[in-house]
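Just below is one structure, and these are the notes that go with it.
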Amino acid sequence: MTDVLVVERNASTAATMVGALRRQGYTARSVDTGARALSACRDTDLVLLSLELPDIDGVELCRSLRAGSDTPVIAVTDLDDELERVLALRAGADDCVVKTWGFREIGARIEAVLRRSRPRSGLPDSITLRPLHIDPRTREVRLHDRLVDVTSKEFELLYALAADPETVVTRKELMARVWGNTWVHTSRTIDTHVSSLRAKLGSSGWIITVRGVGYRLGYAWSVPEPSAG
């Protein structure tokens, strides 16, 4: 049975969320501070994280949770604020929902995030496009043998593009592959992750925007590396 940790400072709201999750078949419990969330997150299957906490900024807590474990995180915001969602996603959240949305939708999002995070049999092969190497087994990206620190979603986005570097991948297909079909706010999600990847790879030439269609891997990988001499 899937264990969900609810991180929510308001006791009444936490009790309501825990009760709703249990009725949907989850094992659920709650903590009311970021410090307690950091202690409890390793013993749970998914964290449902309110961004409004009394001791730690929610976005910073999301970043700490992601740095310390691979436990999936769904951020919960009080308001339907695009900037807050973008910050949470950049900090490593796997999804972001608004607290006023129905619990059936939150349950569907939990299942979608868990499907994407569970280990799959028969992992795809590593991809090497000199000087870029992408390893799905270790979830590592290396450029010129240097480890590039990417989030889970950035890794999946880059892998989807690199798997067929000559092909344009549509925005709709990327959303389905990386975020699942339950994601609603699609307008800037991909753009935000592409921008972050370009910055981490050190060049906009790695990912090319095909206006009105989607993205493809750029030709930075096909440029010969400078000789040692």
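Points worth noting:
- Within region 68-94: backbone nitrogen closer than 18 Å to the residue 42 label point (7 Å, Cα to C-beta): 68-73
- Relative contact order (%) - criterion: Cα under 8 Å, at least six apart; region: region 26-69: 40
- Looking at region 104-177, the trypsin sites (Lys or Arg not before Pro) that sit in a DSSP loop and have at most 16 other Cβ atoms within 10 Å of their own Cβ are 120, 137, 139.
- Residue-normalised accessible area of region 82-173, given per residue in Å² at a 1.4 Å probe: 53
- Solvent exposure of residue 66, expressed as accessible area, is near 50 Å², computed with a probe of 1.4 Å over the protein chains only.
- GNM result for the chain, Cα springs below 10 Å: residue of 193, 144, 133 fluctuating most strongly: 144
- Only protein atoms count toward the accessible area here, which uses a 1.4 Å probe; on region 1-96, the carbon and sulfur part of that area reaches 47 percent.
- Residue with peak Gaussian network fluctuation, the chain [Cα springs, cutoff 10 Å], from 169, 210, 76: 210
- Square roots of 5 times each gyration tensor eigenvalue, C-alpha, the chain, largest first, Å: 34, 18, 16
- Sequence-separation-based contact order of the chain, relative, with Cα cut under 8 Å and 6+ spacing, percent: 13
- Relative contact order, whole percent, for region 50-162 stands at 17, derived from Cα pairs under 8 Å and 6 or more residues apart.
- C-alpha center-to-center spacing [region 73-110, region 28-70] in angstrom: 14
- For the chain, size of Cβ-based charge dipole, Lys and Arg +1, Asp and Glu -1, in debye: 440
- Highest-MSF residue in the chain out of 217, 197, 129 [GNM, Cα springs under 10 Å]: 129
The values are calculated or read from the model by the stated rules, or taken from the named source; none is laboratory data. Computed from a predicted model, the values in this text were never measured in an experiment. Heads up, the Cβs are rebuilt from the backbone with ideal geometry, glycines too, and the neighbour counts pull from every protein chain shown. What goes into the accessible areas is simple: the full protein's heavy atoms, side chains included, and nothing from ligands, DNA or RNA. Shrake-Rupley method; radii C 1.70, N 1.55, O 1.52, S 1.80 Å.
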